[in-house]
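First the structure, in the form of structure tokens, and then the observations on it.
Every number here is computed from the coordinates shown, using simple stated rules; none is lab data. Only a predicted model underlies this, so the values are computations on that prediction, with no experimental measurement involved. No Cβ is skipped: glycine too gets one built from the backbone with ideal geometry, and neighbour counts run over all protein chains shown.
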Amino acid sequence: MTTSDMTVYIANPRGFCAGVDRAIQIVEMALEKYGAPVYVRHEIVHNKFVVEGLRQRGAIFVDELDDVPDDVPVVFSAHGVPKSVPEEANRRKMLYVDATCPLVSKVHREAERHEKSGAEIIMIGHAGHAEVVGTMGQVGAGRITLVETPQDVEKLNLKNSDNVAYITQTTLSLDDTADIIAALKVKFPSIRDPRKEDICYATTNRQGAVKALAEKAEAVLIIGAPNSSNSRRLVEVAKRQGCKSMLIQRAGDIDWSWLSDVRNVGLSAGASAPEILVEEVIEAFRTRYDVRLETVMTVEENVQFPSVLLKEG
């Protein structure tokens, strides 16, 4: 029984980005071509629903290449891997594909260029995140210094402060990153920027859409996994706009008491959350409220990345 009206503002753009679409398609293509099992090093994307769906079709997710037999296909996740991983796959003559998002690969190439130029490389990112581990593994050990906050910048003591460049994790908050970049430029006035913004278009667009939601809604729900960096940043963006926000994985995670005084709610999804979960949440609202849907469009996305073929090492 519905008890009251509820306006649900739906962010557009939301959900899957081109890199996530491409990575999932690569696993699906491998399953179709070679049959099960297809091994995947780490979660192909950070979303339990997606991972479980692929697992049911025959994908096996493992932590390291050591867990993969020699005679089966293996896919590397969209977050990217250290150079040592494909090198080991080549040594073992494995059938593999690197599903790293092309925008993450761009950051990898930047790190390599900076290393060749002898620059001190600073990476803005979250310690332990798969993307950060992969990026730092593109160059020699100790060649990249990781910072997470402006306070980390203050503690830096580099050997050559006149030859410094920075790169960033692609899924960070634009606002938080801006503060860190500002601190870097104060400490290292000659620091080199990326040739093109490292934070990916999808992260930027989804954060902009959530800002627009937060201007309209009393609360914002973000669909995404707890280990999804871009999804967690969306929650932070909404809160920074003065709007309460919560991360949920599925409709069953909604705390309805948290929404007891709310009559208009914003809804978005991280870049690794499929649209079916958005629809599931909307249906959950319809079982409790008389729902009016309104789309909040901030930018139109039309980015696509080509898939790649499996190859033998």
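Which order, highest average first, do 134-141, 24-31, 44-51 follow once you tally other Cβ atoms within 10 Å for each residue and take the mean per peptide? Intermediate values should be presented prior to the final figure.
Details: 134-141: 18.9, 24-31: 20.5, 44-51: 23.0.
Top of the packing list down: 44-51, 24-31, 134-141.
Using only the Cα atoms, work out Rg/Rh for the range 23-155, with Rh taken as the Kirkwood radius, to two decimals.
On the way: Rg = 16.2 Å, Rh = 15.8 Å.
With Rh from the inverse mean 1/r over Cα pairs, Rg/Rh is 1.03.
Based on the Cα coordinates of the range 233-313, what is the per residue volume of their convex hull in Å³?
Values: hull volume 13.0 nm³, N = 81.
About 160 Å³ per residue, rounded to a whole number.
Could you identify which residue out of 117, 272, 77 has the top mean-square fluctuation in a GNM of the chain using Cα springs shorter than 10 Å?
117
Mind checking which aspartates and glutamates have their Cα closer than 17 Å to the Cα of residue 116? Skip sequence neighbours fewer than 8 apart in that chain.
Counting by Cα, and skipping residues close in sequence, residue 116 has these aspartates and glutamates nearby: 162, 193.
Give me the distance between the Cα centres of the range 93-118 and the range 29-85, rounded to whole Å.
Rounded to whole Å, the Cα centres lie 19 Å apart.
Picking from 169, 56, 249, which is most flexible by a Gaussian network model of the chain using Cα springs under 10 Å?
Highest fluctuation of the listed residues: 56.
Which length gain, in nm to one decimal place, applies between residue 196 and residue 67 when the Cα-Cα distance is subtracted from 0.36 nm times their residue separation? Could the numbers behind the result be given before it?
Values: separation 129, 0.36 × 129 = 46.44 nm, distance 3.68 nm.
Residue separation times 0.36 nm, minus the Cα-Cα distance, leaves 42.8 nm.
Restricting to Cα pairs below 8 Å that are 6+ residues apart, what does the relative contact order work out to for the range 181-313? Please round to a whole percent.
Values: 148 pairs, mean separation 34.6, N = 133.
Relative contact order comes out at 26 percent.
Using alpha-carbon positions, what is the distance between the centroids of the range 124-167 and the range 219-245, in Å?
The range 124-167 and the range 219-245 have Cα centres separated by 25 Å.
Return the ratio Rg/(2.2 N^0.38 Å) for the range 152-239, where Rg is computed over Cα atoms only.
Numbers: Rg = 15.5 Å, N = 88, 2.2 N^0.38 = 12.1 Å.
Cα Rg divided by the expected 2.2 N^0.38 Å: 1.29.
Nearest 5 percent is fine: what portion of the DSSP beta bridges confined to the chain is antiparallel?
Working: 2 of 44 bridges.
Around 5 percent of the beta bridges assigned by DSSP in the chain are antiparallel ones.
Based on the Cβ-Cβ distance from residue 262 to residue 302, what FRET efficiency comes out when R0 is 45 Å, to the nearest 0.05?
Numbers: r = 33 Å, r/R0 = 0.74.
FRET efficiency, residue 262 to residue 302: 0.85.
How large is the Rg to Rh ratio of the chain when both quantities use alpha carbon positions and Rh follows Kirkwood? Don't skip to the answer; put the middle values down first.
Numbers: Rg = 20.9 Å, Rh = 20.7 Å.
Ratio value, two decimals: 1.01.
When Lys and Arg each count +1 and Asp and Glu each count -1, what net charge do the other residues less than 15 Å away from residue 255, Cβ to Cβ, add up to? Mind showing how you got there, number by number?
Numbers: positive: 244, 250, 288; negative: 218, 253, 261.
Local net charge: 0.
Once label points are set 7 Å from the Cα along Cα→Cβ at both residue 109 and residue 87, what is their separation, rounded to one decimal in nm?
Between residue 109 and residue 87, the simple spin-label model gives 2.1 nm.
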